[in-house]
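Since every read-out is calculated from the coordinates, none of them should be taken as a lab result. Because the structure is a prediction, the values reported are computed rather than measured. Every residue, glycine as well, gets a Cβ built from its backbone with ideal geometry; the counts of neighbours run over all protein chains shown.
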Amino acid sequence: MESFPAVAQHDTSPLIGVMWNDVDRKILTKSIDKDEAVELLKKYEKPVKAFFRKMGGNIVHRDKWVFPLTNYSSITYRDGGNDFLLGDYDYFQGSNTKGHPAHDIMINDANKDLLDDSTGKPVDVVSMGSGVVVSVDTTWQPGSKLRGGKFVKIFDVTNSGIFTTPICLRYLFIRG
């Protein structure tokens with residue numbers, strides 16, 4: 001069994017995000033046992049919530065969630081919005097999960113220059129709610145065996161869930 005840094009009961013340091021990111025990466029690459037990963041993420045949840053409070057995070061209930069894109073001219077959904085498949089999804093299967101508990105949203109960007117083709121401007125990707133960034137991967141490349149692409153994962157402290165936001169961006173800016 002691998003050793004991980006100890007987490008104080010009320011640790012409010014940004015290190016907790018680094019620790020969560022490490023476990024998340026191991027889940028994605030199937031290099032950690034599911035039971036161990038579950039135990040570690042449960043252990044990290046309290047310090048992440050404490051860090052959120054320490055930083056003055058705002059509670060955002062589901063009825064106040066926002067659409068995760070701004071400044072776009074038009075969007076389409078993969079498979080006409082029928083790509084949401086919760087049934088067989090298991091976060092702890094990493095890149096091998098069979099489900100897809102999300103909608104893939106595409107902007108008008110035929111030439112893939114990361115700008116809205118109608119406006120020539122970038123589209124902002126935003127979190128649906130509030131939380132703490134717990135995992136980031138900007139290293140994915142086309143042809144990778146890992147699914148999911150580049151992403152930012154935000155732990156939603158209000159609803160104890162995770163928003164995974166794909167990033168196909170020139171710049172990554174995370175507001176504190």
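Points to keep in mind about this one:
- Under 20 Å from the T138 label point (7 Å along Cα→beta-carbon), backbone N, region 44-63: none
- Full extension of the chain between E39 and D63 gives 5.6 nm of extra length, using 0.36 nm per residue less the Cα-Cα distance.
- Gain upon complete extension [N21, K98; 0.36 nm per residue less C-alpha separation]: 25.5 nm
- Flagged links, alpha-carbon separation over 18 Å, of K34/K98; K42/K150; K34/K150; K26/K150: K42/K150; K34/K150
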